[in-house]
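> Input: one structure, supplied below.
The values are calculated or read from the model by the stated rules, or taken from the named source; none is laboratory data. Here the structure is a predicted model, which is why all the values come from computation and not from measurement. Counting neighbours? That spans all protein chains shown, and the Cβs are built from the backbone with ideal geometry, glycine included. Ligands, DNA and RNA are excluded from the accessible area calculation, which covers all protein heavy atoms including side chains. Shrake-Rupley method; radii C 1.70, N 1.55, O 1.52, S 1.80 Å.
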Amino acid sequence: MADHEARAQVDAPADGIPTIRWEEPPEGPVLVLLDQTRLPAEEAEYVCTDPPSLVEAIRTLVVRGAPVLGIAGAYGVALAAARGFDVDEAAEALAAARPTAVNLARGVRRAQGAYHRALAGAASVAASTGPDAEDSAGTADQVALAAAVAALAAARALHREDAQASDRMAAHGLALLGELLPGGGHRLLTHCNTGALVSGGRGTAFALARAAHDRGQLRRLWVDETRPLLQGARLTAWEAARAGMAYTLLTDNAAGSLFSAGEVDAVLVGADRIAADGSVANKVGTYPLAVLARYHHVPFLVVAPVTTIDPDTPDGASIEVEQRAAHEVTEVTSPSAGGAGGPGGGMSVAPLGTQAYNPAFDVTPPELVTAIVTEEGVVSPVTAEALSELCGRS
Ligand SMILES: CSC[C@@H](O)[C@@H](O)C(=O)COP(=O)(O)O
């Protein structure tokens, strides 16, 4: 694909949601993010002019969700290179900004690898021109430019591949839903946010629900609010409303009564890291849904790109689960409700000094997962052997 075609593809955001884009104004390149902390109240841009501002955006969930964290990490390396930062130092800070989503470190390493390969290649070409080179400073600039261009190309390639993976996951997932729920008219329950806000394309689990909607097969999307940061209420509901889907929001602890009323046909979730044994780390609250689904004989589907499968993490116990600040639990805050006063700027709902348990993710064991749907195909039942075979295909 020609470079201009690749650029056009990643510059046209899925469903008009401008999650992430690279821009090159005269003042220098920037990474522009849709500030997800401001949704649904306003569609505000967050402009990263340097790696530290992107690290901050990742930590504070301005940009979030596994696949787009990988894309952001890769662009972050390109930004570091283009702005003259120490690329390896920036890469370490970016990769460590959030520990659980494996895509982040993977995206960073991919662009960093491209940068170093180009650096070595350009340096050897420059050296071969010999000591007669007239302007060694100019040569160094050319080498650095070539490396920065390579890092950006790697980021754009990842961005494009992720958009394509979304469509392929949705296609595989639709076929699977057709087999599992032959009647159509699906009532699907989802957790957290897994749509165009987390991806170069239409996302993972939400993209599948969206594809079912587009074919008239979705009767209702049940949206878990996803405490404490309300990714379901703020982001998935926003995406579902934009797409004209029939959706209903519920508190996370209402899911049990919904299952017991027989109102859920399948659960669709994304993943932040899938260990080699098929254990799935995803937004906290996913594991209880898997337990409920098993008890009620409801399919529990994980939709994730192959880049989320981590062969280097052997099992669920080896997955590092990010622990977040207590104030996210002890305070409530919303971009539309405002609220101020507490240490996190929200409205306190617990006595001052209350300790909080706030893991950002939980881990669902493979035996509770009906299937993992990837762009390369479906793994069901979920076993280490089947996952390894799938990864070998990509
Ligand atoms: C395709 S998105 C999969 C996961 O990244 C998503 O479900 C999730 O848990 C996101 O968590 P977040 O803390 O909002 O980054």
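> Restricting to Cα pairs below 8 Å that are 6+ residues apart, what does the relative contact order work out to for the chain? Please round to a whole percent.
Averaging sequence separation for qualifying contacts and normalising by length gives 15 percent for the chain.
> Hey, in the GNM for the chain with a 10 angstrom Cα cutoff, which one of E239, E179, E92 fluctuates hardest?
So, out of E239, E179, E92, the one fluctuating most is E179.
> Next question. Would you mind getting the Kirkwood hydrodynamic radius of segment 43-101 from its Cα pairs, rounded to one decimal in Å?
About 11.3 Å, per the Kirkwood formula over Cα pairs.
> Rounded to a whole number, what % of the accessible area of segment 165-393 do carbon and sulfur atoms account for, probe 1.4 Å?
Reported share for carbon and sulfur atoms: 53 percent.
> For segment 3-164, max minus min Cα coordinate along each principal axis, in Å, sorted largest first?
Extents along the principal axes, in whole Å: 60, 32, 30.
> Along the principal axes of its C-alpha atoms, what lengths does the chain span, in descending order and rounded to whole Å?
Taking the Cα atoms of the chain, the three principal extents are 80, 52, 39 Å.
> What FRET efficiency, computed as 1/(1 + (r/R0)^6) with R0 = 41 Å and r the Cβ-Cβ distance, is obtained for Q355 and A246, rounded to the nearest 0.05?
The value I calculate is 0.55.
> Work out the FRET efficiency for E389 and L174 from their Cβ-Cβ distance, taking R0 = 30 Å, and round it to the nearest 0.05.
Calculated transfer efficiency: 0.85.
> Determine, for each peptide in 249-259, 164-174, 26-36, 69-79, the mean count of other beta carbons within 10 angstrom over its residues, then list the peptides with the highest first.
Final packing ranking: 69-79, 164-174, 26-36, 249-259.
> What residue among D214, D88, D50 shows peak mean-square fluctuation when the chain is described by a Gaussian network model with Cα springs under 10 Å?
Looking only at D214, D88, D50, the largest GNM fluctuation is found for D214.
> With a 1.4 Å probe and every protein chain left in place, work out the accessible area per residue of segment 150-195 in Å², rounded to a whole number.
32
> Output ³J(HN,Hα) for segment 17-31: one whole-Hz value per residue in order, computed from phi by the Karplus curve 6.51 cos²θ - 1.76 cosθ + 1.60 with θ = phi - 60°, and x for Gly and Pro.
Ordered by residue, 3J(HN,Hα) equals 9, x, 4, 7, 8, 9, 10, 10, x, x, 6, x, x, 9, 10 Hz.
> Give me the percent of accessible area attributable to carbon and sulfur for segment 3-164, probe 1.4 angstrom.
54
> Here's another thing I want to ask about it. Of the options S260, S199, A78, report the single residue whose Cα projects farthest towards the positive end of the charge dipole of the chain (beta-carbon charges: Lys, Arg +1; Asp, Glu -1).
S260
> On to the next question. Where does segment 165-393 land on Rg(C-alpha)/(2.2 N^0.38 Å)?
1.01
> Positive end of the charge dipole of the chain (Lys, Arg +1 and Asp, Glu -1 on Cβ, about the Cα centre): tell me which of N103, C48, L229 has its Cα farthest that way.
L229
> At 18 Å minimum axial length over the Cα atoms and a Kyte-Doolittle cut of 1.0, report the qualifying DSSP H helices in the chain, or say none.
Helices meeting the criterion: 66-82.
> Solvent-accessible area per residue for segment 18-71 at a 1.4 Å probe radius, Å²?
Per residue, segment 18-71 has 36 Å² of solvent-accessible surface.
> Specify the inter-centroid distance of segment 184-218 and segment 229-282, based on alpha-carbon positions, in whole Å.
Each part reduced to its Cα centre gives a spacing of 10 Å.
> Is it possible to state the helix-based mean residue ellipticity at 222 nm for the chain, with each DSSP H run of 4+ residues giving -39500 (n - 2.57), the sum divided by total residues, to the nearest 500 deg cm²/dmol? What is it?
Roughly -13000 deg cm²/dmol at 222 nm, from the helical runs in the chain.
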